[in-house]
Amino acid sequence: SPPAIIAPSILSADFAALGAACSDLMKYNAHWIHIDVMDGHFVPNITFGAPVVTKIRSYVERPSQKGGKGTFDCHMMIAEPMKWVKDFKDAGCDLYCFHYEAAISSVAAREPADTKTTRKTSPKEVIRYIHECGLQAGIAIKPETPVDVLWEILESEDESERPDMVLVMTVHPGFGGQKFMASELPKVKALREKYPDLNIEVDGGLSEGTIDQAADAGANVIVAGSAVFGAKDPAEVISKLREAVEK
Ligand code: DX5
Ligand code: ZN
């Protein structure tokens with residue numbers, strides 16, 4: 001598997017002190033910052049948008065290379081993934097991870113107004129657009145979505161339509177602090193068997209108690225919200241999660 005990447009989710013941070021939370025995470029040796037963007041449509045909750053990302057960007061040094069330390073991993077739980085790519089690029093997002101389910105049911109934001117109501121986007125089109133805007137692209141699947149929908153996308157002949165990361169949700173998106181769904185791990189395993197070098201992210205319910213199963217299945221990018229922010233010693237949790245993936 002590719003290197004272990006621990007990406008704490010600031011969804012569980014104190015929202016009144018997000019900048020400090022981000023700079024603390026870097027001191028605690030986190031690799032990426034996972035930013036959960038929710039629009040109240042795709043999920044029944046609202047968090048933050050591009051202006052907040054702009055503000056917290058100055059608290060974390062920009063990554064010196066693709067996927068490097070300080071990567072802003074934006075998990076876009078939003079109904080219209082095409083619509084916000086440019087704003088998030090300008091805000092300092094590095095990796096824009098949209099939901100497959102949103103892509104197949106949203107309109108094509110780049111079409112002329114009169115066709116917008118009829119033509120749907122495709123996940124490959126969203127990925128190509130994210131790359132055109134200069135960002136890395138991630139594609140996320142909810143627990144109800146089978147992993148098989150991803151093969152065709154990962155096999156795309158056009159390299160710009162292939163994702164840099166796949167996110168397998170291990171809870172129903174929308175809230176932090178939910179119970180880990182081990183039922184999702186066969187998806188991770190199937191992806192890892194086919195793609196030894198792919199960044200595979202797991203998100204939801206990851207902790208010292210669940211990390212071994214996720215790591216065994218082949219996940220290398222680990223999101224953790226409540227496990228990190230609820231800990232007395234967040235640095236220790238981050239290092240334990242990393243060790244579990246590396247061993
Ligand atoms: C859920 C979010 C997760 C969440 C994880 O919709 O995508 O990133 O913050 O939180 P924990 O680690 O507490 O399950
Ligand atoms: Zn997330």
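Here are the numbers:
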item: Label zone at K69 (point 7 Å along Cα-to-Cβ), backbone N below 15 Å, region 12-44; result: 23-33
item: Heavy atoms of E159: accessible area, 1.4 Å probe, square angstrom to 10; result: 130 Å²
item: The chain, Cα convex hull volume normalised per residue, Å³; result: 117 Å³
item: Rounded to 5, percent antiparallel among DSSP beta bridges of region 1-109; result: 10 percent
item: Solvent exposure ordering (accessible area, 1.4 Å, most first) of E157, E144, E208; result: E157, E144, E208
item: Separation of the E152 and A182 label points, Cα + 7 Å toward Cβ, nm; result: 3.4 nm
item: Percent RCO, i.e. relative contact order, over region 95-231, from Cα pairs under 8 Å lying at least 6 residues apart; result: 19 percent
item: Solvent accessible area, Å² - R242, 1.4 Å probe, full protein context; result: 40 Å²
item: Sequence-separation-based contact order of the chain, relative, with Cα cut under 8 Å and 6+ spacing, percent; result: 21 percent
item: Eligible aspartates and glutamates near K142 by straight Cα distance, threshold 12 Å, same-chain separation 8 or greater; result: E101, E184, D203
item: Listed residue pairs exceeding 25 Å between alpha carbons, taken from K89/K240; K55/K83; K66/K179; K27/K232; result: K89/K240; K66/K179
item: Extension gain, R62 back to D14 (0.36 nm per residue minus Cα-Cα distance, nm); result: 15.1 nm
item: Mean-position separation - Cα centroids, region 12-53 and region 177-234, in angstrom; result: 19 Å
item: Per-pair calculated FRET efficiency, R0 = 22 Å: M26 and K55 via Cβ, rounded to 0.05; result: 0.85
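The values are calculated or read from the model by the stated rules, or taken from the named source; none is laboratory data. The structure displayed is predicted, hence computed values, not measured ones. All Cβ positions, glycine included, derive from the backbone under ideal geometry; neighbour counts span all protein chains shown. These accessible areas exclude ligands, DNA and RNA; they are computed on the full protein's heavy atoms, side chains included. Shrake-Rupley method; radii C 1.70, N 1.55, O 1.52, S 1.80 Å.
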